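Bear in mind that the values in this text are calculations on the coordinates, not laboratory data. What you see is a predicted model, and the numbers here were worked out from it, not measured in a lab. As a convention, Cβ positions derive from the backbone with ideal geometry for all residues, glycine included, and neighbour counts pool all protein chains shown.
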Amino acid sequence: MAAWQDYLGLLESLTKTIEELTDIEQKKTGAVTKGDLDTVEACMKREQALSMALRGLEQKRSKMLSDFGLGDVPLRGLMDHCPAGTEKETKRISETLRRKYEMFRTASDVARDTLECSLRGIERMMAANNGGEPLQEGPPRQADFRA
């Protein structure tokens, strides 16, 4: 039972990390909309750190499930396998995690779409400043200042 409580604690840690990621995605969306590149960059760095933490938590969760013999059981199926007396807590924690994950996915999709729209706008501006031609990528050019 103590191991299951540790597992539920891990799920709560996952939930908190996902909540933080959701907040970062929302801040990033606002920063992109305002054109605040410093905040976008700070958000992306924090997002990267949280993603690494999330990856570690997910690996630990996966190992714990394997140790319980539940390696293939999805989050929504935990109720069928939890120890007696932990049903309410397991249901509450797993439902909260699923709900927070859906909120994160929505915020992440909005941030990605906003960023893509801004990038397309920048590309159009750059093309317009280049006489309507797409920018050519090539080797960097050097000016000859001897003339």
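Here is how the numbers come out for the structure above:
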quantity: Among (1) under 21 Å from Arg99 (Cβ atoms); (2) surrounded by 18 or more Cβ atoms within 10 Å (Cβ to Cβ) - the single one Glu19 does not satisfy; calculated: (2)
quantity: Residues (surrounded by 11 or more Cβ atoms within 10 Å (Cβ to Cβ) and of a type in the set (D, E, K, R)) located in region 64-75; calculated: Asp67
quantity: Among (1) surrounded by 17 or more Cβ atoms within 10 Å (Cβ to Cβ); (2) part of a helix (DSSP H, G or I) - the single one Cys82 does not satisfy; calculated: (2)
quantity: Residue list for region 55-78, filter: part of a loop (DSSP other than H, G, I, E, B) and of a type in the set (Asp, Glu); calculated: Asp72
quantity: Residue list for region 87-109, restricted to those being surrounded by 15 or more Cβ atoms within 10 Å (Cβ to Cβ) and either of a type in the set (A, V, I, L, M) or out of contact with any helix residue (DSSP H, G or I) (no Cβ under 9 Å at 6 or more places or on another chain) (or both); calculated: Ile93, Leu97, Met103, Ala107
quantity: Matching entry among Met52, Met44 (being assigned to a helix (DSSP H, G or I) and touching a helix residue (DSSP H, G or I) at 6+ places or on another chain (Cβ under 9 Å)); calculated: Met44
quantity: Close pairs from region 36-47: first closer than 13 Å to Ser118 by Cβ, partner part of a helix (DSSP H, G or I) and among the basic types (Lys, Arg), Cβ under 6 Å, at least 6 apart; calculated: Val40/Lys28
quantity: Matching residues, region 30-62, being buried (at least 17 other Cβ atoms within 10 Å of the Cβ) and more than 23 Å from Thr96 (Cβ to Cβ); calculated: Ala31, Val32, Val40, Cys43
